[in-house]
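First the structure, in the form of structure tokens, and then the observations on it.
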Amino acid sequence: MSDTQFPAERESLRAQLAETIQTGKITLASGRTTDFYFDGRLVTLDAKGLFLVSKLGFEQIAGRCDAVGGPTSGADPIVAGIGLASLDAGKPIRTFFTRKEAKGHGMGRRIEGPALLPGDRVFIVDDVATSGGSLIQSAQVVEEETGAKVVGALVIVDRQEGAVEKLAEAGIELESLFKKADFV
């Protein structure tokens, strides 16, 4: 993260995140193993953690997008929190989340939330980035189904395991509140 106008909040969040990090050989949902595991839900489902993520996340993307969203379920609290932070700042942005597959009932949508319009500038968010696959998949859904333009991605923690490069290949710049190097 670049310089922030909230250094105390940034340090408070860093300390809270540090308490959730586990090291050692850990198998991820993808089947890959890592020696650095961050459980984002322990922070984003905690009132103080979500408040800090939302405030710092909105500060980082403010003025650069019309909407913010990401893959359900890891992004859900972050999206809602950033939406509230934008309203509190008097600069409301729309929020949404994406599904891997359309629901088999109801409206059958892959994107839930207020409509995204062609030309809208969108940030995709999530709790953590490893390879960047879920962020790219979410971005593709948004661009293909709405015509909105994904202008960037933001995560709480970048594990520094290739996501920056993979997203860059897809034309998306990955930003993070913190990187693995901030903790090890």
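By the rule of a C-alpha distance below 13 Å, with chain neighbours fewer than 8 residues away ignored, the aspartates and glutamates paired with LYS25 are ASP35. The calculated FRET efficiency for the pair ASP35 and ARG99, based on their C-beta separation and a Förster distance of 25 Å, comes to about 0.25. The lysines whose alpha-carbon is closer than 28 Å to the alpha-carbon of LYS48, local same-chain residues fewer than 8 away aside, are LYS91, LYS179, LYS180. Its relative contact order, with pairs defined as Cα atoms under 8 Å and 6+ residues apart, puts segment 1-159 at 19 percent.
Which of PRO77, CYS65, THR98 sits farthest toward the positive end of the charge dipole of segment 41-111, with +1 on the Cβ of Lys and Arg and -1 on the Cβ of Asp and Glu? The residue sitting farthest along the positive end of the dipole is THR98.
For the chain, adding -39500 (n - 2.57) for each run of n ≥ 4 DSSP H residues and dividing by the number of residues yields -10500 deg cm²/dmol at 222 nm. Peptides 171-184, 120-133 ordered by packing proxy, namely the average of other Cβ atoms within 10 Å per residue, highest first: 120-133, 171-184.
Computed from point charges on the beta carbon alone (+1 for Lys and Arg, -1 for Asp and Glu), the dipole magnitude for the chain about its Cα centre is near 300 Debye. Length gained on full extension, LEU87 to GLU112, computed as 0.36 nm times the residue gap minus the Cα-Cα distance: 7.1 nm. This ranking places THR98, THR146 by how few other beta-carbon atoms lie within 10 Å of each, fewest first, which gives THR146, THR98.
Annotation: the antiparallel percentage among DSSP beta bridges lying fully within segment 7-182 is about 25.
Counting only C-alpha contacts under 8 Å and six or more residues apart, can you give the relative contact order of segment 1-79 as a whole percent?
So the answer I get is 26 percent.
Excluding same-chain residues fewer than 8 positions from LYS55, which aspartates and glutamates have a Cα within less than 16 Å of its Cα? Those aspartates and glutamates meeting the cut-off are ASP3, GLU9, GLU11, ASP46, ASP76, ASP88, ASP126, ASP127, GLU175.
Here, each number is a calculation from the coordinates, and none is a lab measurement. Quick caveat, the model's predicted, so the values are computed rather than measured. Glycine gets a Cβ as well: all are built from the backbone with ideal geometry, and neighbour counts include every protein chain shown.
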